[in-house]
Each structure stands twice: as structure tokens, then as C-alpha cells.
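Report on the structure given below.
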Amino acid sequence: MGSLSIRMKSLFSPHMGEADLRKEIQDLRGQIEALRDALASVSRPYTEIASYLERFQGLFQSYLRLLDLYQRHGAVSPDLVVPGLKDDISRHIVTVLIERGTATFPRLRRP
């Protein structure tokens with residue numbers, strides 16, 4: 001921070017010519033741009049983490065909703081657990097997995 005205050009003092013020095021002021025301003029612009037780039041690269045992982053947390057929060061809310069439905073009604077529809085099931089065999093498989101408590105639903109989803 002000390003060098004910045006020295007630069008600021010020299011920037012407005014009455015002995016500097018216009019060319020020196022322009023060069024000094026260009027140098028400062030370059031430093032500001034370098035700081036912006038550094039800040040963007042440092043903040044990128046935090047942006048990714050925030051995205052993962054949002055996804056996790058959505059999954060957790062869905063899980064709590066399913067638990068609430070199960071607690072209130074004693075059962076959960078296979079269509080709620082795995083949306084988009086098209087045939088009865090798939091629904092019966094999901095029902096059996098739910099009843100056994102061994103379901104790993106991410107594996108059941110189609111790509």
C-alpha cells in the first residue's frame with residue numbers, strides 16, 4: 001500500500017509532464033486489470049463450490065420432502081422417487097427397492 005501512496009503523490013506532482021502522467025495512468029490501468037484477473041481466478045473455485053452447494057441443497061430438500069411424505073402416508077410413489085418411469089415393471093422394481101431400503105436411485109436414472 002505504501003508504494004501506491006508514493007505513486008499517487010508522484011502522479012500529481014507539479015514537476016511531471018503530461019507524457020509522464022499518461023504513462024503513469026497506463027501503468028495503473030495495467031495493474032488494475034491484473035488485479036481484476038487475479039481476483040477472477042481466485043474467486044472461480046468459490047463460485048463452483050457455491051454451485052455444488054445449491055445442487056446439494058436442492059437434493060436435500062427433495063429428500064426431506066420424500067421423508068415427509070413417507071412419514072405422513074406410510075409409502076412413497078415410485079413416480080415421486082424416480083420421475084419419468086414409463087412402465088409398470090420399472091415402478092415395481094423401484095417399489096421393491098424402497099421397501100427393502102437398498103435403493104441407490106442415482107443408478108436407476110437413465111442418461
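Side notes on the structure shown:
- ARG107 vs. criteria out of contact with any Cys (no Cβ under 6 Å at 6 or more places or on another chain) and at pLDDT 75 or above: no
- Hits in the stretch 33-48 - residues which are loosely packed, with under 10 Cβ neighbours inside 10 Å and either in the same structural domain as PRO83 (by TED's automatic domain parsing) or of a type in the set (A, V, I, L, M) (or both): VAL42
The values are calculated or read from the model by the stated rules, or taken from the named source; none is laboratory data. Worth saying up front: this structure is predicted, and the values here are computed from it rather than measured. Cβ atoms come from the backbone with ideal geometry, glycine included; neighbour counts cover every protein chain shown.
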